[in-house]
1. Using a Gaussian network model of chain B with C-alpha springs under 10 Å, which one of B:Trp396, B:Trp276, B:Trp267 is most mobile by mean-square fluctuation?
2. Per residue, what accessible area does the protein assembly as shown have, given a 1.4 Å probe and all protein chains present, in Å²?
3. If you rank B:Lys250, B:Lys142, B:Lys408 by how much accessible surface each has, with a 1.4 Å probe, what is the order from largest down?
4. Could you tell me which of rounded, prolate or oblate describes the stretch B:1-138, using a ≥ b ≥ c as the square roots of the eigenvalues of the alpha-carbon gyration tensor, with rounded for a/c under 1.5 and, failing that, prolate when a/b is larger than b/c and oblate otherwise?
5. Comparing A:Thr60, A:Thr157, A:Thr95, which has the greatest mean-square fluctuation in the GNM of chain A with Cα pairs linked when under 10 Å apart?
6. What percentage of the solvent-accessible surface of the stretch B:297-411, computed with a 1.4 Å probe over protein heavy atoms, is contributed by carbon and sulfur atoms?
7. What average count of beta carbons from other chains do you get within 10 Å of the Cβ of residues in B:329-335?
8. With all protein chains present and a 1.4 Å probe, how do A:Leu206, B:Leu344 order by accessible area, largest first?
Amino acid sequence: MVGSKKLIVYALIITLALFGLIYSFNAYLNQQREDVVLDRMEEILDEYQEIQALSMMTTTFGSDIACLSLENSLSLLDKTLWDTGLKIDRYREATEQFANDPFYVNQKRKFNRNEVIYLSMITEMQKHCDFNQTVILFFFQKKEECPDCDAQSFVLTDVNKEIDNEIAIFSFDADLDLPSIKTLKEYFAIDRFPCVVVDNMPYCGLKNRQQINEILCSKRPHSICSE
Amino acid sequence: MNFAYSVLVHVVWFLSTYFVVLTLLMLFSKRKQLHQEPQDRALDDTIVSIVVPAYNEEETIADCINSLLAIDFERKRYEIIIVNDGSNDNTSKIAKAFEQKMQVRLLDNMPNKGKAACLNQGIRIAQGNIIACMDADTIVPKDILRKLLPYFADEKVGSVTVSVEVRHVKNFLQRIIQLEYALGLSLFLKLLTFVNCVHVTPGPFSMYRASVLRNIGGFDEKNMTEDLEIAYRIHKAHYHIENCMTTAVKTITPDTMISLYRQRRRWYVGALLTAWKHKDMMLSRKSGMFGFFIPFNFALITLGMIVFFFSVYLGVSNFANALSFYSLIGYDFFNHFNWDFDVLTLNSLLFLGLTGIAGMILVVTCGVRAVRRNSHGILVKYLGYFLLFFIYQAFWLAAYSIVATRRKIQW
């Protein structure tokens, strides 16, 4: 019995140690997740600087010189942005066990601000260069207030997978209360979520893949329109 | 909701891992004692009375009595008392044939009184200083008394239980139950003896010190799991319950899901009502380790059940959600599915779940080796047993709802 009492204590110590081990590993993963997000954000900022330089070149030397490389850079940035947005959301889900993780909320704000900058740049560049990318703005809220927002994001991810080079999607989290996003919301008169804006025309309410295809094809020809 | 789920998963993980670690530690440190028997002391003055209540057991009663008559023990030192509980088949007739040959004593009840009442009736006329209570659908090995009686040489021992095996294994379900009995009614009961926490004296066959049985007033006739309830009162009277793993009785078990459900519903409702009846023992120092083991056991069962159904609910709702998402893209599963695996999207709940499953597999593997009956196939061990574990969650839920709504159930 005395030996058994010792075992009871040892078992408790081992269980606590196992618990600690799992949480240390989880903390390590959290750190890795944060590092990946920070690296991605750093990459995005680098690309912005590159695009800004090219943008300045168009005003100084004329659009012919910079438009070609600018189009490539924007297309690359568009993919990085969408992937980073998805990554932040997935990592946030993996990390967010007990409360909203301030790191991800902060990164999401930074990310959304960057998206507004990118949107402004691409809109500006469309005036100078002959870009044929369709710009899609996606406004969403958290699941509790907008049950269809995740579904809309799912549909847009599917579209992006198929015609990544032909579209540029910007997703804006309306819950972040960023003044720039508020302004965009007012500008496009968005009154409900989810809402997709294609070439400055808002389409609010959940749209399935077929409906998104029809909207895109009504704007300009895409590879999916021939199907 | 996610917060509540997360907290629950952590608590259940902690309790179950503690249980797994303690079980493994005990298995390794006590492995020699598992199959050790007490010194075969003479116990010359020991007389054993074996009480067998029987209700509609015409198919099994003869085998049961024959196995008792074949016990390797001086015949004059043990008596067999059959209590026919108002059977409406040939049970009484078969038992009478043995009575006429002076091999058994027969008490014929009319009408049916219930198992516990029959046991008490048998105990009242029993002449032995050790009383064995057994089910009429059980058969015993020849060495049963020689193996179990030496445990009573220790005055603190109030009862001795024995390993239970399945008789007539006909299908997959019974093979799983066989493994469940080998672990639950053999190994775990043995391990619990080391901390004096055996919480049941299984109905198929258990032996009691007659003086202890009489002191505590025999079996509770209102309780549907009298073999469980009496274990609480043996602990209350500060006696130990021992377990013998070196021999085993064989009993008939349910062979269909419906009959298994009926049996477990009775066991689980009985367990809940018994724990409630003896709530004064919970977390009481007077009850020793037993007073802590019972609340631990119920906390693990209850919280585990809640987590199980919570997980099922989340799993089903996530699946339905995913399906509704795919309906928006024309169910194009292949094209949309993200094949890139990112280890960083894994969270701590998953690691807790994986370690929990690994722990259970380890316990089953080591447990089967420890009981030295490694006849269970891989399918039974690693699929069937876990499947049954999940099904039992539903049985526990049914038991809780019966207790909460105060519904009466039949035997």
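The values are calculated or read from the model by the stated rules, or taken from the named source; none is laboratory data. Just so it is clear, the structure is predicted and the values come from calculations on it, not from any experiment. Methodologically, a virtual Cβ is constructed for each residue, glycine included, from the backbone with ideal geometry; neighbour enumeration extends over all protein chains shown. Only protein heavy atoms, including side chains, enter the accessible area calculation; ligands, DNA and RNA are left aside. Shrake-Rupley method; radii C 1.70, N 1.55, O 1.52, S 1.80 Å.
1. B:Trp276
2. Numbers: 30790 Å² over 638 residues.
Dividing the accessible area of the protein assembly as shown by its residue count gives 48 Å².
3. B:Lys408, B:Lys142, B:Lys250
4. It comes out oblate by the Cα gyration axes.
5. For chain A, modelled as a Gaussian network with Cα springs under 10 Å, the answer is A:Thr60.
6. Working: 4780 of 6870 Å².
Answer for the stretch B:297-411 is 70 percent, counting heavy atoms of protein chains only.
7. Per-residue shielding by partner chains comes out at 3.
8. Details: A:Leu206 55, B:Leu344 20 Å².
Sorted descending by solvent-accessible area, the residues read A:Leu206, B:Leu344.
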